[in-house]
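Undergrad: To start, I am sharing the structure in question, which I have written as structure tokens.
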Amino acid sequence: MGVTRWLDDDEQRAWRTFLTASQLVQEELDRQLQRDSGMPHAYYAVLVKLSEAPGRTLRMSELATEVNASQSRLSHAVKRLEERGWVRREPCAADRRVSWAVLTDEGFAALAAAAPGHVEAVRQTFLDRLDPEQLRHLTTLCAALLPDAPDAPDTASADDTADAAPVHP
């Protein structure tokens, strides 16, 4: 076994600050969605990914990857979303081992109703606390932490992207 590379004071501070900040932001977003829309953040993420997919449909395995969930965790979430009428599963005609998750019109309406409050919570909890330069740096730093991410996303100024279509956080 190799030598343990203990964290120095700066590394420890950075690591703990990152953990605390990310946990607090996630908890606040989850609280807001539960309070205002009756859904956890994990369900919102599933609805968003399906809303952005062609035909509002994704393979269950692909959806699990997209929302960073295990197959069993996603299956449980989709079951709950099916009970609400927001998602339905469809078998794949070409491969019986595959099933599709499809966002229903009711699910899209639930997402559309939840999105304004969620976007405002993202702004208050996260974006409004950072200036544009900090946001660009954070984007670059977080992109470096992603395992298979391409280079950091384009960091065009807000003025350059003002006419771009909105994206659900």
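Undergrad: Going by amide H atoms built from the backbone, whose H comes under 5 Å of the H on Val98, apart from near neighbours?
TA: Cys92
Undergrad: Mind listing the phi-derived Karplus ³J(HN,Hα) values for the range 102-116, rounded to whole Hz, using 6.51, -1.76 and 1.60 with θ = phi - 60°, and x for any glycine or proline?
TA: Taking θ as phi minus 60°, the curve returns 10, 6, 7, 4, 5, x, 5, 5, 5, 5, 4, 6, 7, 4, x Hz for the range 102-116.
Undergrad: Quick check on packing: order 125-138, 58-71, 33-46 by the mean number of other C-beta atoms within 10 Å, highest mean leading.
TA: Sorting 125-138, 58-71, 33-46 by mean packing, highest first, produces 33-46, 58-71, 125-138.
Undergrad: Using the Karplus equation 6.51 cos²θ - 1.76 cosθ + 1.60 (θ = phi - 60°), what ³J(HN,Hα) coupling, rounded to whole Hz, does each residue of the range 52-62 give in order, writing x for Gly and Pro?
TA: Result, ordered by residue: 8, 7, x, x, 6, 9, 9, 4, 4, 5, 5 Hz.
Undergrad: Kindly rank 106-112, 91-97 from highest to lowest mean number of other beta carbons found within 10 Å of each residue.
TA: Working: 106-112: 17.0, 91-97: 8.6.
Per-residue mean Cβ counts within 10 Å order the peptides as 106-112, 91-97.
Undergrad: Checking the a/c ratio against 1.5 first, then a/b against b/c, what shape does the Cα gyration tensor give for the range 1-66? Before the final figure, lay out the partial values.
TA: Details: a/c = 4.19, a/b = 1.75, b/c = 2.40.
Oblate shape, in that a/c is at least 1.5 and b/c is the bigger or equal ratio.
Undergrad: Can you compute the radius of gyration and Dmax for the range 1-112, using only the Cα atoms, both in Å?
TA: In order Rg, Dmax, the Cα atoms of the range 1-112 give 18.3, 57 Å.
Undergrad: Taking θ = phi - 60°, what integer Hz values does the Karplus form 6.51 cos²θ - 1.76 cosθ + 1.60 yield along the range 17-31, in sequence order, with x for Gly and Pro?
TA: 3J(HN,Hα) across the range 17-31, in whole Hz: 5, 4, 4, 5, 4, 5, 5, 5, 5, 4, 5, 5, 5, 5, 4.
Taken together, the values in this text are just the output of simple stated rules run on the coordinates, not laboratory data. These numbers come from a predicted model, not from an experiment. Because the Cβ atoms are built from the backbone with ideal geometry, glycine has one as well, and the counts that use them run over all protein chains shown.
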